[in-house]
1. When you check residue 15 against the structure, is it without any contact (Cβ under 8 Å) to a residue 60 or more places away in the chain, under 15 Å from residue 68 (Cα atoms), β-branched (Val, Ile, Thr) and touching a Phe, Trp or Tyr at 6+ places or on another chain (Cβ under 7 Å), yes or no?
2. Counting just the residues of the stretch 27-60 that are assigned to a helix (DSSP H, G or I) and of a type in the set (Val, Ile, Thr), which one comes out farthest from the chain's Cα centre (by Cα)?
3. Go through (1) hydrophobic (A, V, I, L, M, F, W, C); (2) at pLDDT 90 or above; (3) not in a helix (DSSP H, G or I) one by one and return the number of the condition residue 24 breaks.
4. Output yes when any residue across the stretch 21-34 is within 23 Å of residue 74 (Cα to Cα) and loosely packed, with under 12 Cβ neighbours inside 10 Å, and no when none is.
Amino acid sequence: MTDAKRCLYLVCYDVADPRRLRRVHRFLLGYKAGGQKSFFECWLTPAELRHVQDELTRLLDAVTDRAHLFQLDPRQAVVYLGRARPACQTFMIL
């Protein structure tokens, strides 16, 4: 599968239990290209997106936790405010 089939997603989560929070955070670290705390930018293929959705469904408590996956347009210009600056100019997906 080529990198052209990857789409940029913003994955945001709010997990009530500290143990589940660590598990979700550790899982998403494998996919993130940038972000902080509970907001990660992830370049995902359709198969990776399905895996992330399935795994988050398994890890989260449907009553107390939540996660949002937003598909972003990578062509959109980034606006930096305050002390914000690019986290990285380029990255590689191996």
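1. no
2. So the first thing to find is which residues in the stretch 27-60 are assigned to a helix (DSSP H, G or I), and the list is 27-29, 46-59.
The next check asks that each one be of a type in the set (Val, Ile, Thr); those that pass are 52, 57.
Numbers: 52: 9, 57: 14 Å.
The selected residue is 57.
3. It is condition (3) that residue 24 fails.
4. Within the stretch 21-34, one or more residues are within 23 Å of residue 74 (Cα to Cα) and loosely packed, with under 12 Cβ neighbours inside 10 Å.
The values are calculated or read from the model by the stated rules, or taken from the named source; none is laboratory data. Quantities reported herein were computed from a predicted structural model and do not represent experimental measurements. FYI the Cβ positions are ideal-geometry reconstructions off the backbone, even for glycines, and counts take in every protein chain you see.
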